[in-house]
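Novice: Have a look at this one before I ask anything.
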Amino acid sequence: MIRPILRMGDPRLLQVSVPVTEFNTPALDELLADMFETMHAADGAGLAAPQIGKNVRVVIFGFDRNERYPDAPAIAPTVLINPTIEPLTEVLEDGWEGCLSVPGLRGVVPRILRLRYSGLDAKGKAFSREAEGFHARVVQHECDHLDGILYPMRVRDFSRFGYTDVLFPGNDRGE
Ligand code: NI
């Protein structure tokens, strides 16, 4: 079922979410199905459970091609539960981000360029993957949601934060 996406200002987006402890339950399966349906309906690159009001450490991401980020390389559809992130470099890269909870806006955020993320999949099986660039950015953005952090909190240069249609005139980025 497509769920309403909470928007910035809602205190539930600022909570620290709790780890998932039970797998292969109807509740978790339904949450994941709803998250994918909601993300696809909004043409998002990723979604975190708190964005639909579920205070658990679950994120999803992935797409073949994304209208909101037309230049981004494909990322395999991924369920990442109870994630941890290990930086593989100290290098930070600036890049534009948006968020389904912050509609209509974009900002430049510095993110770790290369990292390893680990966690559990939809069935509770542990996995780990290395990522860089936009893939690493999406992971950091989504995992931030689990700690109550929205990307505007990470913007350093507010001259590069604004309305998508003003920043990118004539470039339809889907919102
Ligand atoms: Ni977001």
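Where a number appears in this text, it was derived from the coordinates with a stated rule and is not lab data. In this text, all values refer to a predicted model and were calculated from it rather than measured experimentally. A quick note on method: Cβ atoms are made from the backbone with ideal geometry, for glycine too, and the neighbour counts reach across all protein chains shown.
Novice: Does region 1-37 hold any residues that are more than 12 Å from residue 51 (Cβ to Cβ) and assigned to a loop (DSSP other than H, G, I, E, B), and which are they?
Specialist: 1, 2, 9, 16, 19, 20, 21, 22, 23, 24, 25
Novice: Answer yes or no: is there a residue in region 122-135 that is away from the ligand (no atom under 15 Å from the Cβ), polar (S, T, N, Q), exposed (fewer than 14 other Cβ atoms within 10 Å of the Cβ) and in a strand (DSSP E or B).
Specialist: yes
Novice: Show the residue pairs that are 6+ apart or on different chains and have beta-carbon atoms under 6 Å apart, the first residue being within region 140-153 and part of a loop (DSSP other than H, G, I, E, B), the second being near the ligand (Cβ under 10 Å from one of its atoms).
Specialist: The qualifying pairs are 150/8.
Novice: Continuing with this model, one more query. May I ask you to list the residues in region 14-59 that are within 15 Å of the ligand (Cβ to nearest atom), in contact with a Lys or Arg (Cβ under 8 Å, 6 or more places away or on another chain) and either farther than 15 Å from residue 81 by Cα or among the aromatic types (Phe, Trp, Tyr) (or both)?
Specialist: Hits for region 14-59 are 38, 43, 44, 45, 52, 53.
Novice: Please go through region 70-111 and pick out each residue that is under 21 Å from residue 159 (Cα atoms), away from the ligand (no atom under 16 Å from the Cβ) and of a type in the set (D, E, K, R).
Specialist: If the condition is that a residue be under 21 Å from residue 159 (Cα atoms), away from the ligand (no atom under 16 Å from the Cβ) and of a type in the set (D, E, K, R), then 93, 94 are the ones that fit.
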